[in-house]
Ligand SMILES: C[S@@+](CC[C@H](N)C(=O)[O-])C[C@H]1O[C@@H](n2cnc3c(N)ncnc32)[C@H](O)[C@@H]1O
């Protein structure tokens, strides 16, 4: 895809960060969303392989700071109330596999939101006692409170999802999440976390342009500020491979 925009920084072996206008952000988002929710060119075997791989993906070393963060928040919960979390874009419950292992908690309430049917079906097969909603970002924003049985949730969590979504929609996801919880933990690209690259315009980076993977780097601090949340901490996550997912971290925001 040809991208027109203003180069900000990066390049060489790593990502180039580029400021783009809203129509360009719309086109990129449409292409990325189609990749994740359509997968029309993939065989049944390939889809099965992808689904099974997500049952194990969160055991990877790069997720250790994320596991630690979730363990700490769980330890800090009100013993009188069951721990509850929303996992937005949670694949087939990839993080829930790990949490079941590391947290002995029978009362745990987990709500998966994901737009990809094979993920939702696999999750329902594995965890029939938990809740799943098949919805993409735009559908999640429109869900009314009745869909969220355990609100207010102790936590809204989302890992490796927001950089797939354009800024105007991520702002609205955070606004909707803020109506359901006081604590939000995201795992995402952090190069523009405080608006370092741009506070107003969409910023993209060419993660793997040959494979059509061009992603967004968000000014999360600005989005949180708009809904009365502040970032409490951020820990960088190690890259999965030497050149992959540099500039990523786990961060925790809370209502002021
Ligand atoms: C890189 S995977 C991360 C999965 C999981 N959170 C994890 O860390 O293991 C991205 C996930 O986001 C979901 N996703 C992609 N585009 C989305 C969109 N526009 N709205 C909501 N979810 C989306 C995909 O279905 C997929 O499960």
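Where a number appears in this text, it was derived from the coordinates with a stated rule and is not lab data. Everything numeric here is computed off the predicted structure, so don't read it as measured data.
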In terms of the Cα gyration tensor, with a ≥ b ≥ c the square roots of its eigenvalues, is the range 1-146 rounded because a/c is under 1.5, prolate because a/b exceeds b/c, or oblate?
prolate
Assuming a ≥ b ≥ c are the square roots of the Cα gyration tensor eigenvalues, decide whether the range 151-216 counts as rounded (a/c under 1.5), prolate (otherwise, with a/b larger than b/c) or oblate.
prolate
If each DSSP helix of 4+ residues adds -39,500 (n - 2.57) and the sum is divided by the residues in the chain, what number results at 222 nm, nearest 500 deg cm²/dmol?
-10000 deg cm²/dmol
Would you mind telling me which residue in 155, 186, 232 has the biggest mean-square fluctuation in a Gaussian network model of the chain, where springs connect alpha carbons within a distance under 10 angstrom?
232
Gyration tensor verdict on the range 22-255 (Cα atoms; rounded if a/c is under 1.5, prolate if a/b is larger than b/c, oblate otherwise):
rounded
Considering only 176, 19, 81, give the residue with the highest GNM mean-square fluctuation for the chain, with springs between Cα atoms whenever their separation is below 10 Å.
81
Value of relative contact order over the chain, rounded to a whole percent, pairs C-alpha under 8 Å and six or more apart
21
